[in-house]
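Q: So that we are looking at the same thing, I have put the structure below in structure tokens.
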Amino acid sequence: GGLIVKTDTAFQVFNSAGSQAALTVTPGGAVELYHNTTKVLETKGYGIDIAGGFIATGNSIVNDNAKLQLGTGADMALFHDGNRSAINNATGELRILSGSDIIIGKRSAADSSYSEQLATFKIDGAVELYHNNVKKFETTSAGADFTLSSSGQVNIYGLGGTNGLRIS
């Protein structure tokens, strides 16, 4: 059989000296886990509180319509609803930092690679923009290069959006 403990007050497990709590269970309330006398995990009505960090050794899942919120005021959030995904940043700058080029592309259905390149941001180099997986614009040390097809055109508009230069 199993061990069944019935109590109207907290049930606690201590080390053999009785000086360090390892587990506290409050009927109808919290379950608390301790490491070296420090509470590291506590159940709450909304889920759990973790003191310190955690390391996931497997995949972690946040279901559709739930947010992964960061910051004391939850001012940054990662969100997915089954149809779209969003990164929401309510304060300050949003920085994407990388040790190598950053590529934005359409995800391949078969794996996590990209099947169509949309933009590339090269370390110490060019920014490239693509249309239908074909590079159309690239910044260079001298300025910028445009790539046009035989029927392509470039429109440069003034602030009003109607007057400008058209190159065909």
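The values are calculated or read from the model by the stated rules, or taken from the named source; none is laboratory data. Since this is a predicted model, take the numbers as computed values, not measurements. All Cβ positions, even for glycine, are placed from backbone atoms using ideal geometry, and neighbour counts span all protein chains on display. These area figures cover heavy atoms from the full protein model, side chains too; ligands, DNA and RNA do not enter into them. Shrake-Rupley method; radii C 1.70, N 1.55, O 1.52, S 1.80 Å.
Q: Please specify each residue of the range 90-107 satisfying the condition of being surrounded by fewer than 12 Cβ atoms within 10 Å (Cβ to Cβ) and assigned to a loop (DSSP other than H, G, I, E, B).
A: Scanning the range 90-107 gives ALA90, THR91, GLY92, GLU93, LEU94, ARG95, ILE96, LEU97, SER98, GLY99, SER100.
Q: So is ILE87 at pLDDT 90 or above and either open to solvent by 90 Å² or more (accessible area, probe 1.4 Å) or out of contact with any Phe, Trp or Tyr (no Cβ under 6 Å at 6 or more places or on another chain) (or both) or not?
A: yes
Conditions tested, residue by residue: (1) modelled with pLDDT of 85 or more; (2) under 29 Å from MET76 (Cα atoms).
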| position | (1), (2) |
| --- | --- |
| SER112 | no, yes |
| ASP124 | yes, yes |
| SER151 | no, no |
| GLY158 | no, no |
| GLY164 | no, no |
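Q: Let me ask something else about it. From the residues in the range 116-131 that are in a strand (DSSP E or B) and touching a residue at least 12 places away in the same chain (Cβ under 8 Å), which one is farthest from LEU148 (Cα to Cα)?
A: Selected residue: PHE121.
Q: Let me ask something else. Exactly one condition in (1) over 30 Å from VAL134 (Cβ atoms); (2) touching a Phe, Trp or Tyr at 6+ places or on another chain (Cβ under 7 Å) is false for ASP101; which is it?
A: The failed condition is (1).
Q: May I pose another question? Consider the range 132-145. How many of its residues are open to solvent by 70 Å² or more (accessible area, probe 1.4 Å) and either in a loop (DSSP other than H, G, I, E, B) or among the polar types (S, T, N, Q) (or both)?
A: Result for the range 132-145: 4.
Q: Just to be sure, is HIS35 farther than 30 Å from GLY125 by Cβ, of a type outside the set (Val, Ile, Thr) and within 14 Å of the chain's Cα centre (by Cα)?
A: no
Q: Then there's this: Which of the following residues is of a type in the set (Val, Ile, Thr) and exposed (fewer than 10 other Cβ atoms within 10 Å of the Cβ): THR120, THR72?
A: Only one candidate passes the filter, namely THR72.
Q: Quick one: how many residues across the range 83-98 are without any contact (Cβ under 8 Å) to a residue 24 or more places away in the chain and under 13 Å from PHE121 (Cβ atoms)?
A: The total comes to 3.
Q: Considering only the range 21-57, how many residues are closer than 21 Å to THR7 by Cα, assigned to a loop (DSSP other than H, G, I, E, B) and either open to solvent by 70 Å² or more (accessible area, probe 1.4 Å) or among the small types (Gly, Ala, Ser) (or both)?
A: 4
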